[in-house]
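The values are calculated or read from the model by the stated rules, or taken from the named source; none is laboratory data. In this text, all values refer to a predicted model and were calculated from it rather than measured experimentally. So basically every Cβ, Gly included, is an ideal-geometry build from the backbone, and we count neighbours across all protein chains shown. Just the protein is used for accessible areas: all its heavy atoms, side chains included, with ligands, DNA and RNA removed. Shrake-Rupley method; radii C 1.70, N 1.55, O 1.52, S 1.80 Å.
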Amino acid sequence: MNNLLSAFRLATLPAGTNPFRAEVKAFLQSSLESMPADIRARSWMGFNAAFSRKLAARGWVGVTLPAQYGGASLDAFSRFVLVEELLAAGAPVSAHWIADRQSGPLILKFGSEAQRQFYLPKICSAEAFFCIGMSEPNAGSDLASVGTRASRCEGGWRLNGRKIWTTNAHHCHYMIALVRSSGEPQDRQKGLSQFIVDLALPGVTVRPIRDLAGDAHFSEVFFDNVLLADDALIGNEGSGWAQVNAELAFERSGPERVYSSIVLLEHWITCLRRSPDASAHAATIGRFATHLATLRNMSIAVTAKLVNGESPLVEAALVKDIGTEFEQSIPAVIEAAIAMDPDAPVDAELYRAVAYVSQVAPTYSLRGGTREILRGMIARGLGLR
């Protein structure tokens, strides 16, 4: 237990990231169009390929990837600063998000040199957008029981099955899919592999899923005898589970697991400054600020481990779980505050923003690993099970 808790001692970003933060702020001020809070609140679900290409032109997509593949060769601290500023501004980052955060680093670490040379420059120039094929309709949160299968055949692999809740699959060029390449679902982690799937291949069908908020961020993806070349396999056959675990440390640890509701919180504070009753909510704002500062410190501590080449799976799961609770509490508290005085006028922009975030906030504890799965990981990390 002490080893896990010691990972979260006071951590700070290196002073060298301050000039980079100023550069990012200046870019956002000059490049982002003025948008209302309910649009900015969509930030990391906001798909805008043109904006992603603007970032790429500055070298800010694939920032941690080596320069030889088109990246900026910056460390994870710099990416933390970039992501923090993008989310605080409500920038639409969804187009390049997964490729920058997960797919690029995964290919760099486990892919062949040919895969690195082909895919990484496309990621860094925002020419190739990636999605992740993990969840399946019959697997629930049990990722190890996936049934989508890649079978050896002449010329490569035949892929059959389906994935669900795949973010932006209908917009993306490629999917990195976790599939079974040998054995049966009861074999669990054994026999799982990861493949890069070109979503334009014959036999791939993508069906968007419209959510409660009226958006269609998620899709169900069907594979019907899709022929994959031999070089679609990432790493060694059967190593998919270990690769996914390394990938999830990137997905669960960053500012995106703390800042999903930050635009709404910021706009509520702006509205309170104009209200004669602002002091009534001072303690609530103070609690939010304290929680955010603590979570931010924890996230920076995990980032430090990534910089050191570690794979802090349990620490990242803890940040994600606590961060999700914080993110979900913001719309709930603001809704309750508005309801306390039903006759008071409500800022229309605030009303739209809290309505949107309240509708999507339940998904925060699903994406990137359900709360139950994460708490199981944390319990094991603490030696409690």
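Would you check which residues across the stretch 29-42 are surrounded by 16 or more Cβ atoms within 10 Å (Cβ to Cβ) and not in a helix (DSSP H, G or I) and list them?
Residues of the stretch 29-42 surrounded by 16 or more Cβ atoms within 10 Å (Cβ to Cβ): 32, 35, 37-42.
Answer for the stretch 29-42, where residues must be surrounded by 16 or more Cβ atoms within 10 Å (Cβ to Cβ) and not in a helix (DSSP H, G or I): L32, M35, A41, R42.
Of all the numbered requirements in (1) of a type in the set (G, A, S); (2) open to solvent by 20 Å² or more (accessible area, probe 1.4 Å); (3) over 23 Å from N168 (Cβ atoms), G203 misses one, and that requirement is (3).
The one condition from (1) outside any helix (DSSP H, G or I); (2) modelled with pLDDT under 90 that W60 does not meet is (2). Scanning the stretch 125-149 for residues that are at pLDDT 90 or above and over 16 Å from C172 (Cβ atoms), we see that the one that is surrounded by the fewest Cβ atoms within 10 Å (Cβ to Cβ) is R149.
With respect to (1) of a type in the set (A, V, I, L, M, F, W, C); (2) closer than 23 Å to V307 by Cα; (3) at pLDDT below 90, the lone exception for A22 is condition (3). If you go through the stretch 35-54 and keep only what is at pLDDT below 90 and among the polar types (S, T, N, Q), you end up with just S43. Summed over the stretch 270-299, residues that are open to solvent by less than 40 Å² (accessible area, probe 1.4 Å) and among the charged types (D, E, K, R) total 0.
Name every residue in the stretch 318-357 that is of a type in the set (S, T, Y) and within 30 Å of A379 (Cα to Cα), in order of residue number.
T324, S329
Please identify the pairs in which a residue from the stretch 70-99 that is farther than 13 Å from G16 by Cα has its Cβ atom under 9 Å from the Cβ atom of a residue that is small (G, A, S) and open to solvent by 30 Å² or more (accessible area, probe 1.4 Å), counting only partners at least 6 apart or on another chain. Listed by first residue and then by second, the contacts come to G70/S125; S73/A67; A95/A50. Here D231 passes the criteria (1) at pLDDT below 85; (2) of a type in the set (D, E, K, R); (3) assigned to a helix (DSSP H, G or I); (4) surrounded by fewer than 17 Cβ atoms within 10 Å (Cβ to Cβ) except the one numbered (1).
Taking the stretch 300-385 and the helices (runs of 4 or more DSSP H) fully enclosed by it, the elements with 3 or more residues that are open to solvent by less than 20 Å² (accessible area, probe 1.4 Å) and closer than 26 Å to R40 by Cβ are at 313-339, 348-360. Looking only at the stretch 106-124, residues that are open to solvent by less than 20 Å² (accessible area, probe 1.4 Å), under 25 Å from A304 (Cα atoms) and in contact (Cβ under 8 Å) with a residue 60 or more places away in the chain come to 5 in all. Across the stretch 151-197, the qualifying residues are those that are assigned to a strand (DSSP E or B) and of a type in the set (K, R), and the one among them that is surrounded by the most Cβ atoms within 10 Å (Cβ to Cβ) is K163. For T294, state whether it is in contact with a helix residue (DSSP H, G or I) (Cβ under 9 Å, 6 or more places away or on another chain), of a type in the set (S, T, Y) and more than 21 Å from R380 (Cα to Cα). The answer is yes for T294.
Restricting to the stretch 43-83, and then to whatever is among the charged types (D, E, K, R) and closer than 28 Å to T12 by Cα, can you tell me which residue is most open to solvent (accessible area, probe 1.4 Å)?
Our first condition is that a residue be among the charged types (D, E, K, R); within the stretch 43-83, this holds for 53-54, 58, 75, 79.
Filter again for closer than 28 Å to T12 by Cα, leaving 58, 75, 79.
Working: R58: 107, D75: 64, R79: 29 Å².
Here the answer is R58.
Annotation: Y364 fulfils all but one of (1) within 27 Å of R385 (Cβ to Cβ); (2) without any contact (Cβ under 8 Å) to a residue 12 or more places away in the chain; the unmet one is (2).
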